[in-house]
1. Counting other C-beta atoms within 10 Å, which of Ser65, Ser73 has the fewest, and how do the rest follow?
2. At 0.36 nm per residue, and after removing the present C-alpha to C-alpha distance, how many nm does the segment from Leu52 to Ser73 gain when stretched out fully?
3. Which order results if Lys59, Lys10 are arranged by neighbouring Cβ count within 10 Å, fewest first?
4. Give, in nm to one decimal, the length gained when the segment between Thr41 and His81 is fully stretched (0.36 nm per residue of separation minus the Cα-Cα distance).
Amino acid sequence: MASAINGQPKAAYLYCHNPAGNTTDNLSGHRVLMLTPEGVTQPTAGFWQMMLEGDATAKNLFVGSSCALCGHSTDYVFGEHGL
């Protein structure tokens, strides 16, 4: 994912290690929208608010050393390029 993102002018990704509600190991690494839609709703809305409206609060989700999506490596991997 990182190499695909780095090839784009502006992009971001979330890769979840262990989605909430996962009771078996066969879901590890997959975003399970049926179980955890809230895991992608805020980042998705924030991404478009940042990109289309220039929203500074939404930008804080993605950009900076203390971004809201940064530092949660036990739950997911976040990456961005050009934001």
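Every number in this text was worked out from the coordinates using simple rules, so none of it is lab data. Just so you know, these numbers come straight off a predicted model, no measurement behind them. Using ideal geometry, Cβ is built from the backbone for each residue, glycine included, and neighbour counts are taken over all protein chains shown.
1. Ser65, Ser73
2. 4.8 nm
3. Details: Lys59 17, Lys10 13.
In increasing order of surrounding Cβ atoms, one gets Lys10, Lys59.
4. 12.4 nm
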